[in-house]
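Asks: Got a structure here, written out as structure tokens. Questions coming.
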């Protein structure tokens, strides 16, 4: 079973994403803060990161995830889809960028392209 990390501080968004992904056969672990991801020694097949978090930005954890799995596909979700954020995401090594609200069909197409 493929394991997906979700880093999302909104309970509603995290629950929706987890419900969709679990229904598609994925194992899902949800974290609400960067600190909890840094403390997690698990290896994931894909990561979905929120941009704006209480303790930083989702891009801050990319380097740590790449140490554990250099090939991990990383998707960044944000309600702040400015060009500056997109450029920051690109420089950080984010594979895909999606604006909120996220269309789950689009998200599933991206996930399936990377890990199915």
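Asks: I'm told residue 91 meets every condition in (1) modelled with pLDDT under 95; (2) surrounded by fewer than 18 Cβ atoms within 10 Å (Cβ to Cβ); (3) touching a helix residue (DSSP H, G or I) at 6+ places or on another chain (Cβ under 7 Å) except one. Can you identify the failing condition by its number?
Replies: Against the list (1) modelled with pLDDT under 95; (2) surrounded by fewer than 18 Cβ atoms within 10 Å (Cβ to Cβ); (3) touching a helix residue (DSSP H, G or I) at 6+ places or on another chain (Cβ under 7 Å), residue 91 comes up short only on (3).
Asks: Also, quick follow-up: Identify, from the list 46, 53, 76, the residue that is touching a strand residue (DSSP E or B) at 6+ places or on another chain (Cβ under 6 Å) and either free of Cβ contacts under 8 Å to residues at least 60 places away in the same chain or more than 17 Å from residue 111 (Cα to Cα) (or both). Steps first, please.
Replies: Details: 46 fails: either free of Cβ contacts under 8 Å to residues at least 60 places away in the same chain or more than 17 Å from residue 111 (Cα to Cα) (or both); 53 fails: touching a strand residue (DSSP E or B) at 6+ places or on another chain (Cβ under 6 Å).
Answer to the selection: 76.
Asks: Taking residue 28, is it assigned to a helix (DSSP H, G or I), modelled with pLDDT of 95 or more and touching a helix residue (DSSP H, G or I) at 6+ places or on another chain (Cβ under 6 Å)? Quick ask: steps written out before the conclusion?
Replies: On the way: assigned to a helix (DSSP H, G or I): no; modelled with pLDDT of 95 or more: yes; touching a helix residue (DSSP H, G or I) at 6+ places or on another chain (Cβ under 6 Å): yes.
So residue 28 does not fit the description; no.
Asks: From the residues in the range 105-116 that are modelled with pLDDT of 95 or more and under 19 Å from residue 8 (Cβ atoms), which one is farthest from the chain's Cα centre (by Cα)? Don't jump to the end; show me each part of the working.
Replies: Of the range 105-116, the ones modelled with pLDDT of 95 or more are 105-114.
So of that shortlist, the ones also under 19 Å from residue 8 (Cβ atoms) come out as 105-108, 110-111, 114.
Values: 105: 16, 106: 14, 107: 11, 108: 13, 110: 12, 111: 11, 114: 13 Å.
Checking each candidate, the answer is 105.
Asks: So which residues in the range 5-20 are part of a helix (DSSP H, G or I), touching a strand residue (DSSP E or B) at 6+ places or on another chain (Cβ under 7 Å) and in contact (Cβ under 8 Å) with a residue 40 or more places away in the chain, if there are any at all?
Replies: Result: 17, single match.
Asks: Additional query: So in the range 1-21, with the set limited to residues that are within 21 Å of residue 69 (Cβ to Cβ) and surrounded by fewer than 16 Cβ atoms within 10 Å (Cβ to Cβ), which one is nearest to the chain's Cα centre (by Cα)?
Replies: Per the stated criteria, the residue is 3.
Asks: Evaluate the following for residue 104: is it touching a helix residue (DSSP H, G or I) at 6+ places or on another chain (Cβ under 7 Å), within 16 Å of residue 7 (Cα to Cα) and touching a residue at least 24 places away in the same chain (Cβ under 8 Å)?
Replies: Values: touching a helix residue (DSSP H, G or I) at 6+ places or on another chain (Cβ under 7 Å): yes; within 16 Å of residue 7 (Cα to Cα): no; touching a residue at least 24 places away in the same chain (Cβ under 8 Å): yes.
So residue 104 does not fit the description; no.
Asks: Here is a list of conditions, (1) closer than 16 Å to residue 5 by Cβ; (2) assigned to a helix (DSSP H, G or I); (3) over 14 Å from the mean Cα position of the chain (by Cα); (4) touching a residue at least 12 places away in the same chain (Cβ under 8 Å), and residue 85 meets all of them except one; can you say which number that is?
Replies: Result: residue 85 fails condition (1) only.
The values are calculated or read from the model by the stated rules, or taken from the named source; none is laboratory data. All values reported here derive from a predicted model rather than from experimental measurement. Here the Cβ is made from the backbone with ideal geometry for all residues, glycine too, and neighbour counts use every protein chain on show.
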